[in-house]
Amino acid sequence: LMHANVEVVALPLVDGRLDLQAVMQHLGALEMNEVHLEAGAGLCGALLQAGLVDELVIYMAPHLMGNAARGLFDLPGLDTLAQRVQLKITDMRAVGEDWRFSATVANGNSTLARLSAAKFFETTIAAESRSYNQARAVQG
């Protein structure tokens, strides 16, 4: 990875997962003011629970899926309507046949606990590590 001009940073773990607060602090120290992330339900849920999401941009296709389909957010413990996360829609528009929603988490939402977890970063780091190890194996 170093040959590809990639900086590898070791950051702390919390409960065996990357500390998302530490990740954001590190990016802030690098003067990165925005992080755009497209991720799976695990990381999206972890970032939302950690209070690290300022804005959601959600695209919805005109398709229906069954109850076994993977949701947008892995949010254990949010099982009833009373536990819902309230959003404030800031923009909604058609994009071809899809719909694009922009929203913020409504102020005063006490449902979300401040937790730290990071499936996406772990997956990315593992994939980069595999690529690096594969490149080293090829080089000899």
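What follows is calculated from the coordinates using simple rules that are stated; it is not laboratory data. Everything numeric in this text was worked out from a predicted model, so none of it was measured.
When the chain is fully extended, how far beyond the present Cα-Cα distance does M24 get from N5, taking 0.36 nm per residue of separation? Before the final figure, lay out each step's value.
Numbers: separation 19, 0.36 × 19 = 6.84 nm, distance 2.11 nm.
Computed gain between M24 and N5 is 4.7 nm.
Relative contact order for segment 1-77: what percent, with Cα pairs under 8 Å and sequence separation of 6 or more?
Details: 38 pairs, mean separation 22.2, N = 77.
Computed value for segment 1-77: 29 percent relative contact order.
In whole Hz, what ³J(HN,Hα) sequence does segment 69-74 give by Karplus (6.51, -1.76, 1.60; θ = phi - 60°), x for Gly and Pro?
After applying 6.51 cos²θ - 1.76 cosθ + 1.60, I find 5, 6, x, 6, 9, 8 Hz.
Would segment 1-44 count as rounded, prolate or oblate if I go by the C-alpha gyration tensor, calling it rounded below 1.5 in a/c and otherwise prolate when a/b exceeds b/c, oblate otherwise? Please list the in-between numbers first.
Working: a/c = 1.38, a/b = 1.27, b/c = 1.09.
Since a/c stays below 1.5, the shape of segment 1-44 is classed as rounded.
I'd like the Karplus ³J(HN,Hα) series for segment 50-64: coefficients 6.51, -1.76, 1.60, θ = phi - 60°, whole numbers in Hz, and an x wherever there's a Gly or Pro.
With coefficients 6.51, -1.76 and 1.60, one gets 7, x, 9, 9, 8, 8, 10, 10, 10, 9, 10, 8, x, 9, 10 Hz.
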